[in-house]
1. Give the angle, between 0 and 90 degrees and rounded to the nearest 10, that separates the Cα long axis of helix 4-22 from the longest principal axis of the Cα atoms of the chain.
2. Which aspartates and glutamates does Lys21 reach when only Cα atoms under 19 Å apart count, and residues fewer than 8 places away in its own chain are ignored?
3. Given the options Ser24, Ser65, Trp43, identify the residue whose Cα lies farthest towards the positive end of the charge dipole of the chain (+1 on Cβ of Lys, Arg; -1 on Cβ of Asp, Glu).
4. Let's see if you can work this out: charge +1 on each Lys and Arg Cβ, -1 on each Asp and Glu Cβ, no other charges. What is the dipole magnitude of the chain about its Cα centre, in debye to the nearest 20?
5. Taking only DSSP H segments of four or more residues, each worth -39500 (n - 2.57), what value at 222 nm results for the chain once the sum is divided by all its residues, to the nearest 500 deg cm²/dmol?
6. Need the full-extension length gain, Ser70 to Glu11, defined as separation in residues times 0.36 nm minus the C-alpha distance. One decimal, nm.
7. Based on Cα coordinates alone, diagonalise the gyration tensor for the chain, multiply each eigenvalue by 5, take square roots, and list the semi-axes in whole Å, largest first.
8. Could I have the simple spin-label model distance between Arg4 and Leu47, label points 7 Å from Cα toward Cβ, reported in nm to one decimal?
Amino acid sequence: MKNRNQAKADEMRSHIEACSKSGSTVTDYCTQNGIVKSCYYYWHKKLSDENKSAGFVAVNVESRSLVEISY
């Protein structure tokens, strides 16, 4: 059984997708669906941050290529 936070994340993910497909503004969508706009944006940020990868990224380099690495 999913925990409460995961269930809320799934619910808000569905709302975020529906809002983007609806063509409505976030304000209008939230009003029509009884969602507090700040809650919508909280979950939008939280869920979009989950999709970002952090850390190192593998890079394939040809054996005789000139490479510059900046940190």
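1. For 4-22 against the chain, the angle is about 90 degrees.
2. Within reach: Asp10, Glu11.
3. Result: Trp43.
4. 260 debye
5. -18500 deg cm²/dmol
6. Working: separation 59, 0.36 × 59 = 21.24 nm, distance 4.08 nm.
So the extension gain works out to 17.2 nm.
7. Numbers: eigenvalues 298, 52, 22 Å².
Ellipsoid half-lengths, sorted descending, are 39, 16, 11 Å.
8. 2.0 nm
We did not get these values from a lab; they are worked out from the coordinates using the rules stated. Just so you know, these numbers come straight off a predicted model, no measurement behind them. We place every Cβ from the backbone using ideal geometry, glycine too, and count neighbours over all the protein chains shown.
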